[in-house]
1. Taking the options Trp115, Trp145, name whichever one is more than 28 Å from Arg242 (Cβ to Cβ), under 55 Å from the mean Cα position of the chain (by Cα) and not acidic (Asp, Glu).
2. Taking Trp66, is it part of a helix (DSSP H, G or I), buried (at least 19 other Cβ atoms within 10 Å of the Cβ) and at pLDDT 95 or above?
3. Looking at (1) part of a helix (DSSP H, G or I); (2) open to solvent by 50 Å² or more (accessible area, probe 1.4 Å), which is the only condition Phe138 fails?
4. In the stretch 270-279, which residue that is assigned to a helix (DSSP H, G or I) and touching a helix residue (DSSP H, G or I) at 6+ places or on another chain (Cβ under 7 Å) is least open to solvent (accessible area, probe 1.4 Å)?
5. Which of the residues belonging to the stretch 243-266 are touching a helix residue (DSSP H, G or I) at 6+ places or on another chain (Cβ under 7 Å) and open to solvent by 70 Å² or more (accessible area, probe 1.4 Å)?
6. Can you name the residue in the stretch 106-124 that is open to solvent by 40 Å² or more (accessible area, probe 1.4 Å) and touching a Lys or Arg at 6+ places or on another chain (Cβ under 9 Å) and is also farthest from Ser273 (Cα to Cα) among such residues?
7. If you check every pair at least six apart or on different chains, which have Cβ atoms under 8 Å apart with a residue in the stretch 56-78 that is touching a residue at least 12 places away in the same chain (Cβ under 8 Å) first and a residue that is among the basic types (Lys, Arg) second?
8. With respect to Ser181, determine if the residue is farther than 21 Å from Arg240 by Cβ, without any contact (Cβ under 8 Å) to a residue 12 or more places away in the chain and not charged (D, E, K, R).
Amino acid sequence: MSVTYDDSVGVEVSSDSFWEVGNYKRTVKRIDDGHRLCSDLMNCLHERARIEKAYAQQLTEWARRWRQLVEKGPQYGTLEKAWVAVTSEAEGVSELHLQVKAALMNEDFEKVKNWQKEAFHKQMMGGFKETKEAEDGFRKAQKPWAKKLKEVEAAKKAYHTACKEEKLAISRENNSKVDPSLNPEQLKKLQDKVEKCKQDVLKTREKYEKALKELDQGTPQYMENMEQVFEQCQQFEEKRLRFFREVLLEVQKHLDLSNVASYRNTYCDLEQSIKAADAVEDLRWFRANHGPGMSMNWPQFEEWSADMNRTLSRREKKKTTDGVTLTGINQTGDQALQNKPSSVSSFEKTQSYPADWSDDEANNPFSSSDANGDSNPFEEDAASGTGAEARVRALYDYEGQEHDELSLKAGDELTKIEDEDEQGWCKGRLDDGRVGLYPANYVEAIQ
């Protein structure tokens, strides 16, 4: 009996199937990956917590700095309150982000850490107990089938070799029939060789089919055992997946400030504060406190009195007292507005005006080129120069943010060499000779 043989049958086709010997290792590796993913999630939460903390600190620093600048700046009235409300919003949001940071670390981070510790048990020789159990389970389930598979592979190889030998013997026999140089004895040997190869093919084929049949009979049990171990790994992984989903939902709740009542209230309060700003009210207040609506102690005739030690000029009174008590004044028109309660503004605290006046054009801010719009009479006098040097002392710590800023510690003394500019900065010189800018409201004059 002759068997047709195809060379392509002997080419092995690689497979990536789970059922191939050793391919269960990807399932085992997933257990180790689960432990690593727990560590990755903890690192992720830790980094986000650091970001939340840094953002909260920056908001607080920004709010404190600008609150001081606004309160000591020229803005006044209801708009000043609205501006300050913006810094209050930052302080409120800063507190909420600190709460987010605390929740991420104290709740979410610790939850993952504890679960990882409970789910994965390290061995003395390295690796995890769960990984070894899965590895042993798969190896035990696959061992009998793998042994039979090895026998099948050997039988297949023997059968294919026999087929090749048979094909070669038949080819030689056919060639010998047309070769007159061969004697009958040689032809007989070639025929015997063909017959022997045919017998070998039949024997190896029978052995190959028998081994394959035994392998097929053992395959259902092999699949059942592998499925059982695989299902145990699936259950372990399902716990991790469900746990991660639960943790991420908790993280979402902690990060979502839109559902926090205090967060919504912060912006409701901010909106109300801004909408409460009233330009008309602010202009009325400024008119009453710094404009034509102010009271005036108009000059009146005064009799000489022997009881008076001396008469102070208006200039001297200005130098000896911070304020002037006005008496005997009849208020009319806008002057009556002073009796109406009004908001207290930092503008009133920081601005000062000379008590004397002059008809000299040089002292009139609305004369000459100023009247043509070449300069703003409400800006600080640029002709005042840098001012006299003065010793000052730092009230708070300040870390310079730019290369031209000085870093100060509370209690440090330095020399102010330029007065405060319109942005609230002064130029100073430290005792070691370094020169730079610093916030004007961070220092006090040394008496």
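1. Trp145
2. Values: part of a helix (DSSP H, G or I): yes; buried (at least 19 other Cβ atoms within 10 Å of the Cβ): no; at pLDDT 95 or above: yes.
No: the conditions fail for Trp66.
3. (2)
4. Here the residue is Leu270.
5. Passing the criteria: none in range.
6. Gln123
7. That search, which allows pairs on different chains as well, returns Ala56/Lys101; Lys72/Lys349.
8. For Ser181, the condition - farther than 21 Å from Arg240 by Cβ, without any contact (Cβ under 8 Å) to a residue 12 or more places away in the chain and not charged (D, E, K, R) - is met.
The values are calculated or read from the model by the stated rules, or taken from the named source; none is laboratory data. Everything numeric in this text was worked out from a predicted model, so none of it was measured. Because the Cβ atoms are built from the backbone with ideal geometry, glycine has one as well, and the counts that use them run over all protein chains shown. For accessibility, only protein heavy atoms count, side chains too; no ligands or nucleic acids. Shrake-Rupley method; radii C 1.70, N 1.55, O 1.52, S 1.80 Å.
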